[in-house]
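Have a look at the structure below, then the notes.
The values are calculated or read from the model by the stated rules, or taken from the named source; none is laboratory data. Only a predicted model underlies this, so the values are computations on that prediction, with no experimental measurement involved. We place every Cβ from the backbone using ideal geometry, glycine too, and count neighbours over all the protein chains shown.
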Amino acid sequence: MADDHPIVRQGLRKIIETDKRLSIVAEAADGREAVELIAALGPQVAVLDIDMPRMDGFEAVRELRRRQLATAIVFLTMLNDEEAFQAAMDLDVRGYVLKDSAAGEIVAAIKAAAAGRAFLSPALSTLLLSRRRRAEELAREQPGLHLLTPSERKVLRLIAEDKTSRQIGEELFISHRTVEAHRANIARKLELRGSLALVKFAAANKSEL
């Protein structure tokens, strides 16, 4: 688990270790240290704060994805705004738990993540429903979205993050030429003409992709 406040980590340890089936293998005080410990120890689940020094939770997860590490991620944070929540969902984290409800939810979130399931603090249900509603509206407006392959969806999400084809290729471990082929296929399926139209569409619908 990673949090830059020692008192928070101490409290989390006490809560988590009440369940004898869970074991904390390491603690980190910042995102960079968390990434290196996860890479070295390969824990099943990592509980990360979002607001950390050196490397925040979002950056840490992107680095873990780049290294293709399989550890499931649970965010434990004070941030309950829509922007942070949408960013977390875009990273496919397994859990999103608010610190003010952590005592009753963190163990359940860790177990869910370990089992491959998702867990969100109930207080976030409104944000989740809003995200689903907008995604459904987008699917009706752009039926071609259903035709996209999983790889094409990943590329489209990264286009929404304003990444170049070269950066996308490095992140997904595919060639620049393969990325360009994906971009062309996405534009064709969505009936978008030109690379600029594709970038505009991705940016405008980032949170629903």
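Counting only residues that are within 17 Å of residue 204 (Cβ to Cβ) and either crowded, with 17+ Cβ neighbours inside 10 Å or not assigned by TED's automatic domain parsing to the domain that holds residue 200 (or both), the range 143-156 holds 4 of them.
So which residues in the range 182-206 are surrounded by 14 or more Cβ atoms within 10 Å (Cβ to Cβ) and assigned to a helix (DSSP H, G or I), if there are any at all?
Within the range 182-206, 182, 183, 185, 186, 187, 189, 195, 198, 199, 201, 202, 206 qualify.
In a residue-by-residue description of the range 24-36, the property of being touching a helix residue (DSSP H, G or I) at 6+ places or on another chain (Cβ under 9 Å), touching a residue at least 60 places away in the same chain (Cβ under 8 Å), part of a loop (DSSP other than H, G, I, E, B) and farther than 29 Å from residue 169 by Cβ applies to no position. For the range 37-57, taking the residues that are touching a residue at least 24 places away in the same chain (Cβ under 8 Å) and out of contact with any strand residue (DSSP E or B) (no Cβ under 8 Å at 6 or more places or on another chain), the one that is nearest to residue 113 (Cα to Cα) is identified as 43.
Of the residues making up the range 123-142, those that are surrounded by 11 or more Cβ atoms within 10 Å (Cβ to Cβ) and at pLDDT 70 or above are 123, 124, 142.
Quick check on my filter: what residues within the range 98-118 are among the aliphatic types (A, V, I, L, M), in a loop (DSSP other than H, G, I, E, B) and touching a residue at least 12 places away in the same chain (Cβ under 8 Å)?
In the first step, residues of the range 98-118 are kept if they are among the aliphatic types (A, V, I, L, M); the result is 98, 102-103, 106-110, 112-115, 118.
Keeping just the survivors that are in a loop (DSSP other than H, G, I, E, B) gives 115, 118.
Within the range 98-118, just 118 meets the criteria.
Please work out which residue is surrounded by the most Cβ atoms within 10 Å (Cβ to Cβ), limiting yourself to the range 164-181 and to residues that are outside any helix (DSSP H, G or I) and modelled with pLDDT of 90 or more.
Quick first cut of the range 164-181, residues outside any helix (DSSP H, G or I) only: 164, 173-175.
Now narrow it down to the ones that are modelled with pLDDT of 90 or more: 164, 174-175.
Details: 164: 12, 174: 17, 175: 12.
Result: 174.
The criterion of being under 19 Å from residue 97 (Cβ atoms), part of a helix (DSSP H, G or I) and touching an Asp or Glu at 6+ places or on another chain (Cβ under 9 Å) does not hold for residue 47.
Of all residues in the range 1-23, those satisfying the criterion of being aliphatic (A, V, I, L, M), part of a helix (DSSP H, G or I) and under 22 Å from residue 59 (Cβ atoms) are 8, 12.
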